[in-house]
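As structure tokens, the structure follows; a few thoughts come after it.
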Amino acid sequence: MKATAVAHANIALVKYWGKRDDALLLPEAGSLSVALDRLLTTTTVELGAPEDSLRIDGRAAGAAELVRARAVLDAAGVREPARIVSRNDFPTAAGLASSASGFAALAVAACAAAGQERSQRELSALARLGSGSAARSVPGGWAVWEEGDAEQVASADHLPLRLVVAVCGEGAKPVGSRDGMKRSRDTSPYHAAWIAQCRRDLPDALRLLRARDLPALGALAERNALRMHADALAADPPLLYWQPATVGCLHALRRLREQGTGVWATIDAGPHLVALCAPEAAERVEAALRSVAGVRDALVCAPAGGAHVVDQSLHARPL
Ligand code: DP6
């Protein structure tokens, strides 16, 4: 009763920042993301352990993480204690979205370990109970999440694209996404406008994705991210996720654009910046981001597929 699954992190072009149901992790507005090939989590779930345990990159996870993992298992009907071992092949530093890939891999591995056959939509809904954005890492590719589960709307190879992740800080961020989006919803005077904007952005983004219009899609994604941060900055107390390097990267991309390179930024609830560009521009963008003061690393990613089982060993049941 043991299974291993892999899942990729995803980056949203139309972001999820606000819940309409805090317990069920249901979003106020729909979001659109793309999975990132080099940000991969591998998770093994073994059932029948003496008690629940969760190790991430060799360290015991905190109580809150374990509670979230148990919520996913309970919802899947997996009552037996589980030994969960998760490995990220990227720095789990703040904002590199390890919770999305982590809970997606967990949902898929747990159901496989229990011998359950579940649809991708069911697995997406289960992953959501760990972290909302994890719902989108289950289908992978270009994924839309509006209600209980996410679905793939275009495959990873639909649009030639590179996503250059500039690592702009390290250590845990002061306020996680969960608390940050709640604070924005409850205190930011701009929050209703932000949600209304997302509801306009999602259909527009889907139309641009269908048309493979990277310049317009990239520009929309950058506006959407900056507006999310405007909402966060307007919260009380304010949420400032950026570091000086983050702002340096925004300026560097602006200069590249002035010189004729098509490149656009998005930033999650953390200091790191993700630049979107065509494959042929990736090297130039990577070099420009690496030269920004305070940028610790840059990782060139391509779109990736969904979560899946890579290993499963179920003990034969007696006949
Ligand atoms: C800024 O999915 O981490 O990355 O549902 O509370 O676990 P919870 O939050 P989480 O939030 C992600 C926020 C974001 C935007 C996005 O990925 O859409």
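Where a number appears in this text, it was derived from the coordinates with a stated rule and is not lab data. Being a predicted model, the structure only gives us computed values, none of them experimental. Every residue, glycine among them, receives a Cβ derived from its backbone with ideal geometry; neighbour counts consider all protein chains shown.
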> Among strands (runs of 3 or more DSSP E) lying entirely in region 1-78, which contain 3 or more residues that are touching a residue at least 60 places away in the same chain (Cβ under 8 Å) and touching a Leu at 6+ places or on another chain (Cβ under 6 Å)?
Replying inline: 2-14, 31-47
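If you check Arg79, Arg70, Arg38, Arg83, which single one turns out to be under 23 Å from Arg178 (Cβ atoms) and either within 10 Å of the ligand (Cβ to nearest atom) or not hydrophobic (A, V, I, L, M, F, W, C) (or both)? Even if it seems obvious, please write down each step before you answer.
Working: Arg79 fails: under 23 Å from Arg178 (Cβ atoms); Arg38 fails: under 23 Å from Arg178 (Cβ atoms); Arg83 fails: under 23 Å from Arg178 (Cβ atoms).
Selected residue: Arg70, the only one of Arg79, Arg70, Arg38, Arg83 that is under 23 Å from Arg178 (Cβ atoms) and either within 10 Å of the ligand (Cβ to nearest atom) or not hydrophobic (A, V, I, L, M, F, W, C) (or both).
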>> Can you tell me which residue is nearest to the ligand (Cβ to nearest atom) among those in region 181-211 that are out of contact with any strand residue (DSSP E or B) (no Cβ under 9 Å at 6 or more places or on another chain) and of a type in the set (Lys, Arg)?
In response: Arg183
> List the pairs whose first member sits in region 305-316 and is assigned to a strand (DSSP E or B), whose second member is surrounded by 15 or more Cβ atoms within 10 Å (Cβ to Cβ) and among the basic types (Lys, Arg), and whose Cβ atoms are under 6 Å apart, counting only residues at least 6 apart or on separate chains?
Replying inline: Ser313/Lys2
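Out of the residues in region 5-32 that are of a type in the set (A, V, I, L, M, F, W, C) and out of contact with any Ser or Thr (no Cβ under 7 Å at 6 or more places or on another chain), which is nearest to the ligand (Cβ to nearest atom)?
Initially, region 5-32 is screened for residues of a type in the set (A, V, I, L, M, F, W, C), giving 5-7, 9, 11-14, 17, 23-26, 29, 32.
Now narrow it down to the ones that are out of contact with any Ser or Thr (no Cβ under 7 Å at 6 or more places or on another chain): 23-26, 29, 32.
Working: Ala23: 11, Leu24: 10, Leu25: 5, Leu26: 9, Ala29: 10, Leu32: 9 Å.
Per the criteria, the residue is Leu25.
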> Scanning region 206-247 for residues that are surrounded by 18 or more Cβ atoms within 10 Å (Cβ to Cβ) and in a loop (DSSP other than H, G, I, E, B), which turns out farthest from the chain's Cα centre (by Cα)?
Replying inline: Ala235
>> Anything in region 146-173 that is under 28 Å from Cys249 (Cβ atoms) and among the charged types (D, E, K, R)? List them, or say none.
In response: Asp157, Arg162, Glu170, Lys173
> So which residues in region 104-133 are within 16 Å of the ligand (Cβ to nearest atom) and free of Cβ contacts under 8 Å to residues at least 60 places away in the same chain?
Replying inline: Ser124, Ala125, Leu126
